[in-house]
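Below: one structure, written as structure tokens.
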Amino acid sequence: MKKILLLALIVIILALGYAYFYLSKNSFIATAYVAKKACGCHLVAGRSVESIYKQDIDRFPLNLVKISFDKKREIATGSLLGIWSSSVQKTKARGCVLLNNQNEQIQDFDLKHNFQPDSIGYNSALLKEKKLDLAFDLAFDKEGEYEKKTRALLVYHKNTLVREEYSEGFDQNTRILGWSINKSIANTLIGILVRNNKLSLDDDNLFQEWEDDERSKITIDDLLKMSSGLDWDEDYSGKSDATSLLFETYDCGKFAVNQALEAKPGEYWEYSSGTSNILSKIIRQQFESQEAYLKFPYDSLFTKLGMESMVLDTDQSGNYILSSYGYATPRDWAKFGLMYLNKGKDMNGNQIIPESWVEYSSTPAENAKDKIYGAHFWLNAGGRYPDVPRDLFSCNGFQGQYIFIIPSKDLVVVRMGLSEEEEFDQNGVLKHIVDSVID
């Protein structure tokens, strides 16, 4: 009996030791993830803390992290077992910024923006109602279910909102995190700088760190097409390049710039959040001041599209995290898609990016398997969605954030949620929406 008890005690000690090691290894990722969620979802989007616990951090080990707030300083903190913690501060110009410690002073600005008025109309009769019913029924959970986890679905046809629906706790005014939708914003900001002759797709020798090795040959075109050749691990199940970048790094762009080559530039496709933050760093280099850089996405893009709800987060160094962190309402995400549907023009007909840039973004990258990717946009050129036109291209984000653009059908579809392809049938929903178009 004593041997059995001793063995059981050893097993318990080993199990506790492994649990401590696992939690310690992933503590800053878990606590920073939760703190970022708490800041963005509660302090920026105005959602209840209860809904964040229930929907956004309901899985292990995130569900062990406790949320608290310093309301005076607008700081959200995630604490794990009272041992590890991370804090994030809401700012005026820099979104939700991860802090090294709670006493860190974040340089902030009170930026003023003049947004264009919303000129998008509403007409529910533009599409076949019964076909749309099928799409919305397929997209949303029925009463008592929680599998598809769709938060919002919006359909625009010919620049007009035809239908929108939201799940409980969300509406047209709720800002929702776009995750990697923001990669397409990085693309667009680069496109604006190219149009203004500040950058060229052929630009290389991009960083001093790269000047003495093969990385000097990496071009902006390579970065936009995810073909830089830089080593990268895009894994969100634990500690990886991607999670270290987002939740443990002071300067996301510098972290990615310092990655070694694993392939010759321009010859190997690999999806990488690091790449998008390298682009953010390149954008930052075009401006003499931090304030001018912070104003650039708003003055050159968001204000012109009327995207008043848009909030972009910076890292601690002050660079926008263009791989992942931007909040906007579903209607404002749709305005971004409508610009691409309208060949780079805003709703007043003003050219924001060249029509050729839209074509470039939606053309398959040379090394992307099955023509699945263009330049920071996902594509249907290879038939990823078999029942949907091949000219579809889209902005895709973690957990099923989508802006689908279908030029041949004059459609923009926005879906925001918490489920990926296994639970949410993109092909089926899109098929019904395409079928609803009146010929």
#### Entry: Unique match (being among the β-branched types (Val, Ile, Thr), part of a strand (DSSP E or B) and either free of Cβ contacts under 8 Å to residues at least 40 places away in the same chain or outside the structural domain of GLY169 (by TED's automatic domain parsing) (or both)) among ILE52, ILE67, ILE29, ILE106
ILE67
### Summary
Of the residues in the stretch 419-439, those that are over 28 Å from GLN55 (Cα atoms), among the acidic types (Asp, Glu) and either outside any helix (DSSP H, G or I) or at pLDDT below 95 (or both) come to ASP439
### Task
Return only the number of the condition from (1) among the basic types (Lys, Arg); (2) over 23 Å from GLY326 (Cβ atoms); (3) buried (at least 20 other Cβ atoms within 10 Å of the Cβ) that LYS66 does not satisfy.
(3)
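Per-residue answers, yes or no, for (1) loosely packed, with under 15 Cβ neighbours inside 10 Å; (2) under 22 Å from the mean Cα position of the chain (by Cα); (3) modelled with pLDDT of 95 or more:
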| residue | (1), (2), (3) |
| --- | --- |
| ILE13 | yes, no, no |
| SER24 | yes, no, no |
| TYR33 | no, yes, yes |
| GLY40 | no, yes, yes |
| LYS71 | yes, no, no |
| TRP84 | no, no, no |
| ASN100 | yes, no, no |
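Among the residues of the stretch 377-385, is any polar (S, T, N, Q) and in contact with a Lys or Arg (Cβ under 9 Å, 6 or more places away or on another chain)? Full working, then the answer.
Of the stretch 377-385, the ones polar (S, T, N, Q) are 380.
Remaining after also requiring in contact with a Lys or Arg (Cβ under 9 Å, 6 or more places away or on another chain): 380.
Taking every residue of the stretch 377-385 in turn, at least one turns out to be polar (S, T, N, Q) and in contact with a Lys or Arg (Cβ under 9 Å, 6 or more places away or on another chain).
Per-residue answers, yes or no, for (1) touching a Leu at 6+ places or on another chain (Cβ under 6 Å); (2) outside any strand (DSSP E or B); (3) among the hydroxyl-bearing types (Ser, Thr, Tyr); (4) crowded, with 20+ Cβ neighbours inside 10 Å:
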residue	(1), (2), (3), (4)
ALA125	no, yes, no, no
LYS130	no, yes, no, no
ASP133	no, yes, no, no
ASP137	no, yes, no, no
GLY144	no, yes, no, no
GLU147	no, yes, no, no
LEU153	no, no, no, yes
TYR156	no, no, yes, yes
GLU164	yes, no, no, no
### Query
Can you name the residue in the stretch 352-362 that is without any contact (Cβ under 8 Å) to a residue 24 or more places away in the chain and of a type outside the set (Ser, Thr, Tyr) and is also farthest from LEU379 (Cα to Cα) among such residues?
GLU355
### Task
Return the residue satisfying two criteria in turn: it lies in the stretch 392-439 and is among the hydroxyl-bearing types (Ser, Thr, Tyr) and within 23 Å of ALA328 (Cα to Cα), and of such residues it is surrounded by the most Cβ atoms within 10 Å (Cβ to Cβ).
SER394
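Do the conditions hold for ALA365, that is, is it small (Gly, Ala, Ser) and within 20 Å of the chain's Cα centre (by Cα)?
Details: small (Gly, Ala, Ser): yes; within 20 Å of the chain's Cα centre (by Cα): no.
Here the answer is no, as ALA365 does not meet what is asked.
The values are calculated or read from the model by the stated rules, or taken from the named source; none is laboratory data. The model shown is predicted, which means the values in this text are computed figures rather than measured ones. Backbone-built Cβ (ideal geometry, glycine too); neighbour counts: all protein chains shown.
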